[in-house]
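Asker: First, the structure itself, so that you have it in front of you.
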Amino acid sequence: MTPKKVPVIIGNANPFRLILREEDQWNPTLEEINSREYDYVKLHRMSTYLDVGIAPLSLGITFDGSLILPALPEFAVKDAALEEFNKALAYLLFGGIYTEAVSPEDITIGTLTLDGYSRSVQPAYGAAGRFHQSIRDKYASGLDLIQLLHPRKIFVKDLKLAFEKGKNTLSKLDSLSVNLLLIGVTYFVKHQWAEALVILWTVVEQVISHIWKSEIINVEESPDQEIQGRKRFLQDFRTWTTATKVEILYQKNLMTHMEYSLLNIARKSRNDFVHSGKVPNQECATACINVLFNLVSLVISQYQDSQSLNDIRDSVTGNLREPLVPKQERVIPKGKDHEIYWCALPPLPGDPLWGDKEYEIIEELVLEPVQINKKMKK
């Protein structure tokens, strides 16, 4: 009898990792992967469920790391599903498991059997979604297939511990858009400095507003607290701009000189970009992400430690994509403990393996030596 299926919404994000139960194994050989004889069925199987506040239902995670939401009416709009996926992933990030955001193009609809096997029923347009569909349905390219050989793995128990830890951390900042935070982090690791700065600065302002509210507006001060209109005055964002709030918070020792300096760098760069179109560089975006983690650290430590989330921040900066021109050549160790696999590239004209075969030449496109003077370089 065919198992009954229910409609679901599927989301995918980077990096790719397998989610294992205690009894799970995943050790396909290179030959099994290249011949597509690996256990593709297991990639479709559910591994666990997480409580994301939609009881009695849950958010599911499959063996291949796909995120599964029930196709409830509130998730019919892609934005709502996106926020739910990224909120859960942000909890994992702050719980110690590095992850990036789901993009709208990586969300598709699918089905889930009552036995716990999911499948997409529409193509994904994003790279992460296409990758998961291709390895599940065994039509992935050789470059994608090789990721099944030695993938990252994490056990369900560790995933759940990280989820609860991150949820507990971020719940201390009730006004924080955790979805936006993860999107900013994702832009940052992809070297999209302008997008990262604008989004992360928005999150920084949310953290500053949280500190302002809890430590300035709602603080018990007598008899000043009873002055008529004082609380409303302190809530006036036109009077108390972010720059003004930062100055007051610094004077009240609610942040260190480091946070104060980083905030000024990030704020000036963001303003220059928004008002003058000056594109920010990596240094400015890095200042913004550093001060964001420092401020969150201060909040969760009752303003005692601005470095408590350094390991989470370092996991983000450690996943920065490689620069266009690497600073030094990467050395790949060889030996029995470091298996090396590669695919031969088809030769092009100019390659030694091309030989004497003829190829198309368009005369007006042939390069000729030119003299580049200093003025042109500028």
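Asker: Long-range amide H contacts for Phe155: which residues qualify at under 5 Å (H placed 1.01 Å from N, peptide plane, sequence gap of 5 or more or a different chain)?
Answerer: Under 5 Å from the amide H of Phe155: Leu20.
Asker: Specify the longest stretch of the chain that does not include any exposed loop site, a site being one of the chymotrypsin sites (Phe, Trp or Tyr not before Pro) with a non-H, G, I, E, B DSSP assignment and at most 14 other Cβ atoms within 10 Å.
Answerer: For chymotrypsin sites (Phe, Trp or Tyr not before Pro) (loop position, at most 14 other Cβ atoms within 10 Å), the longest site-free span of the chain is 1-124.
Asker: Which is farthest toward the positive dipole end of the range 1-74 among Pro70, Ile33, Ile19, measuring Cα position about the Cα centre, with Cβ charges +1 (Lys, Arg) and -1 (Asp, Glu)?
Answerer: Selected residue: Pro70.
Asker: Same structure, new question: Given Lys87/Lys165; Lys4/Lys42; Lys42/Lys87; Lys190/Lys278; Lys87/Lys167; Lys42/Lys153, which pairs have Cα atoms separated by over 21 Å? Before the final figure, lay out the partial values.
Answerer: Numbers: Lys87/Lys165 13 Å; Lys4/Lys42 18 Å; Lys42/Lys87 26 Å; Lys190/Lys278 19 Å; Lys87/Lys167 9 Å; Lys42/Lys153 14 Å.
The pairs that break the limit, which is 21 Å between Cα atoms, are Lys42/Lys87.
Asker: Once each part is reduced to its C-alpha centroid, what is the distance from the range 281-323 to the range 1-71 in angstrom?
Answerer: 31
Asker: Given a 10 angstrom Cα cut-off, can you work out which residue in Pro323, Pro352, Pro123 is the most mobile in a GNM of the chain?
Answerer: For the chain, modelled as a Gaussian network with Cα springs under 10 Å, the answer is Pro352.
Asker: Which order do Asp144, Asp39 take when ranked by solvent-accessible area (1.4 Å probe, heavy atoms of all protein chains), largest first?
Answerer: Asp39, Asp144
Asker: Within the set of other residues whose C-beta is less than 15 Å from the C-beta of His275, count the net charge using Lys and Arg as +1 and Asp and Glu as -1.
Answerer: Within the 15 Å Cβ shell, the charges total +3.
Asker: Right, another one. Heavy-atom accessible area per residue, the chain, 1.4 Å probe: how many Å²?
Answerer: 60
Asker: Tabulate in residue order the Karplus-calculated ³J(HN,Hα) for the range 116-131, using 6.51 cos²θ - 1.76 cosθ + 1.60 with θ = phi - 60°, rounded to whole Hz; enter x for Gly and Pro.
Answerer: With coefficients 6.51, -1.76 and 1.60, one gets x, 10, 10, 7, 6, 10, 9, x, 8, 9, x, 5, 5, x, 5, 4 Hz.
Asker: Let me ask you something else. Rounded to the nearest 500, what is the chain's calculated 222 nm mean residue ellipticity when only DSSP H runs of at least 4 contribute -39500 (n - 2.57) each, over all residues?
Answerer: Mean residue ellipticity, 222 nm, calculated: -12500 deg cm²/dmol.
Asker: How fast does the chain diffuse by Stokes-Einstein, in µm²/s, taking the Kirkwood radius from C-alpha pairs at 20 °C and 1.002 mPa s?
Answerer: For these conditions, the coefficient is 88 µm²/s.
Asker: In a Gaussian network model over the chain where Cα atoms closer than 10 Å are linked, find which of Lys78, Lys357, Lys268 has the largest mean-square fluctuation.
Answerer: Its mean-square fluctuation being the largest, the pick is Lys357.
Asker: Taking 8 Å as the Cα distance limit and 6 or more residues as the minimum spacing, I'd like the relative contact order of the range 22-109 as a percentage.
Answerer: 15
Asker: Rank these by accessible area, largest first, 1.4 Å probe: Glu195, Glu358.
Answerer: Glu358, Glu195
Asker: Continuing with the same structure: Summarise the accessible area of the chain (1.4 Å probe, protein heavy atoms) by the percent that is carbon and sulfur.
Answerer: Using a 1.4 Å probe with all protein chains present, the chain comes out at 54 percent carbon and sulfur.
Asker: Then there is this: So what are the ³J(HN,Hα) numbers for the range 60-71, from phi and the Karplus equation (6.51, -1.76, 1.60; θ = phi - 60°), rounded to whole Hz, Gly and Pro as x?
Answerer: With the stated coefficients, the range 60-71 comes to x, 10, 8, 4, 8, x, 5, 9, 10, 10, x, 7 Hz.
Asker: Based on Cβ point charges of +1 for Lys and Arg and -1 for Asp and Glu, what charge dipole magnitude is obtained for the chain about its Cα centre, in debye rounded to the nearest 20?
Answerer: That gives the chain a dipole magnitude of about 640 debye.
Asker: Would you tally the net charge around Phe293, using a Cβ to Cβ cut-off of less than 13 Å, leaving Phe293 out, and scoring K and R as +1, D and E as -1? Show your work: numbers first, answer last.
Answerer: Values: positive: Arg313; negative: Glu259, Asp305, Asp311, Asp314.
Taking every Cβ under 13 Å from that of Phe293, the sum is -3.
Asker: May I ask for the percentage of alpha-carbon pairs in the range 45-101 that lie more than 16 Å from each other?
Answerer: Here the long-distance tail beyond 16 Å is 44 percent of all Cα pairs in the range 45-101.
Asker: Translational diffusion coefficient of the range 115-167 at 4 °C, 1.567 mPa s, Stokes-Einstein with Kirkwood Rh over Cα pairs, in µm²/s as a whole number. The partial results should precede the final answer.
Answerer: On the way: Rh = 13.4 Å.
Approximately 97 µm²/s, per Stokes-Einstein.
The values are calculated or read from the model by the stated rules, or taken from the named source; none is laboratory data. Since this is a predicted model, take the numbers as computed values, not measurements. Glycine gets a Cβ as well: all are built from the backbone with ideal geometry, and neighbour counts include every protein chain shown. Note: accessible area is taken over every heavy atom of the protein model, side chains too, but ligands, DNA and RNA are not part of it. Shrake-Rupley method; radii C 1.70, N 1.55, O 1.52, S 1.80 Å.
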